[in-house]
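Notes for the one structure printed next.
Quick note: the coordinates plus some simple rules give every number you see, no bench work behind them. Computed from a predicted structure; not experimentally measured. Neighbour counts are summed over all protein chains in view; Cβ atoms, including those assigned to glycine, are modelled from backbone coordinates with ideal geometry.
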Amino acid sequence: MRAGRKIEVVIPALNEERAIGKVVQDIPAFVDKIIIGDNGSRDQTVQKARDAGATVVVEEERGYGAACLKALELTDPDAIIVFLDGDYSDYPQEMAMLVDPIIAGDAKMVIGSRVAGNAQNGALTPPQIFGNALACWLIKLIWGMQFSDLGPFRAIDGKALDELDMQDRNYGWTVEMQIKAAHAKLPSMEVPVSYRNRIGTSKVSGTIKGSVLAGIKILGLIARYSLAPPRTKK
Ligand SMILES: Nc1nc2c(ncn2[C@@H]2O[C@H](COP(=O)(O)OP(=O)(O)OP(=O)(O)O)[C@@H](O)[C@H]2O)c(=O)[nH]1
Ligand SMILES: [Mg+2]
């Protein structure tokens, strides 16, 4: 609980045994529940996460979004939901900066911007920097909401998230949330966050396959939703 609001954390993780324990340990004490969405990791991710005190749900279908959707089944819509990655590239101890504007009623969604913050050298790859900048420019052009990053570290009001009716099951999760928030004119803001090189093996941006597939999915979703406005539950 923080200022009377329940705070619940969702972490999609795939083969992050070396990092996941550190991520969970650095999560602030005001957090009520930590849910790891695991996609059938073949290493000790599940055990390490449980040993560190997190709840783990397993989603058979591969995909960042699928793992998030599975973990969200265990969250309370009255809570503020915080997302971060399981590779220790985000700083969990910066979480208060993301949730406090929502607690104060200044925003329903807060994105942690690695671009506005300080990212360690090499933590953001050139394709990632270019791709995120292009996506943010298109979101501003089409829906009029200004973002500087599609960062994984973010917080959103549980009810607002539910109304966005999230659908994407892999690389389009972050951009879908920002497109739907912009389309619904959800009060949103960014705060600068720190970002460091991950521990362990990359599944997305650090691989050519992952970067290309993520790029295609992100631009594809922007094109699709610009032609057929996203349906939300509201
Ligand atoms: N459950 C699940 N988690 C995934 C999947 N792909 C990636 N992840 C997790 O999602 C987070 C982001 O994936 P990363 O590989 O770190 O992607 P990235 O941050 O763009 O790339 P890096 O800069 O190399 O870290 C990490 O916690 C991964 O473990 C997946 O298919 N299923
Ligand atoms: Mg990462």
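Select the strands (runs of 3 or more DSSP E) contained entirely in segment 1-72, then report the ones holding at least 1 residues which are closer than 15 Å to PRO92 by Cα and within 13 Å of ligand 1 (Cβ to nearest atom).
On the way: elements: 7-13, 33-38, 55-58.
Ranges flagged: 7-13, 33-38.
Could you tell me whether ASP87 is crowded, with 23+ Cβ neighbours inside 10 Å, under 14 Å from the mean Cα position of the chain (by Cα) and under 20 Å from GLY220 (Cα atoms)?
Numbers: crowded, with 23+ Cβ neighbours inside 10 Å: yes; under 14 Å from the mean Cα position of the chain (by Cα): yes; under 20 Å from GLY220 (Cα atoms): no.
No; evaluated as a whole, the condition is false for this residue.
Residue-by-condition table, conditions (1) outside any loop (DSSP other than H, G, I, E, B); (2) surrounded by fewer than 18 Cβ atoms within 10 Å (Cβ to Cβ); (3) within 16 Å of ligand 2 (Cβ to nearest atom); (4) charged (D, E, K, R):
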| position | (1), (2), (3), (4) |
| --- | --- |
| ALA116 | no, yes, no, no |
| ASN121 | no, yes, yes, no |
| ILE139 | yes, no, no, no |
| PHE147 | no, no, no, no |
| ALA160 | yes, no, no, no |
| GLN178 | yes, no, no, no |
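Among the residues of segment 58-82, which ones are among the hydrophobic types (A, V, I, L, M, F, W, C) and either in contact with a Cys (Cβ under 9 Å, 6 or more places away or on another chain) or crowded, with 16+ Cβ neighbours inside 10 Å (or both)?
Pass one, segment 58-82, residues among the hydrophobic types (A, V, I, L, M, F, W, C): 58, 66-69, 71-72, 74, 79-82.
Scanning segment 58-82 gives ALA66, ALA67, CYS68, LEU69, ALA71, LEU72, ALA79, ILE80, ILE81, VAL82.
From the set of residues in segment 181-216 that are within 16 Å of ligand 2 (Cβ to nearest atom), in a helix (DSSP H, G or I) and not polar (S, T, N, Q), which is nearest to ASN132 (Cα to Cα)? It would help to see each step written out before you state the result.
Start the filter on segment 181-216 by keeping residues that are within 16 Å of ligand 2 (Cβ to nearest atom), which leaves 193-211, 213-215.
If we keep only those that are in a helix (DSSP H, G or I) as well, we get 208-211, 213-215.
Then drop every residue that is not not polar (S, T, N, Q), which leaves 208-210, 213-215.
On the way: ILE208: 16, LYS209: 17, GLY210: 14, LEU213: 14, ALA214: 11, GLY215: 9 Å.
The selected residue is GLY215.
Would you be able to say whether some residue in segment 27-48 is touching an Asp or Glu at 6+ places or on another chain (Cβ under 6 Å), of a type in the set (Ser, Thr, Tyr), surrounded by 20 or more Cβ atoms within 10 Å (Cβ to Cβ) and over 26 Å from LYS108 (Cα atoms)?
Yes, segment 27-48 contains a residue that is touching an Asp or Glu at 6+ places or on another chain (Cβ under 6 Å), of a type in the set (Ser, Thr, Tyr), surrounded by 20 or more Cβ atoms within 10 Å (Cβ to Cβ) and over 26 Å from LYS108 (Cα atoms).
With the checklist (1) of a type outside the set (Lys, Arg); (2) more than 12 Å from ligand 1 (Cβ to nearest atom); (3) closer than 25 Å to MET97 by Cβ in hand, flag the one item GLY172 doesn't pass.
Status for GLY172: all satisfied but (3).
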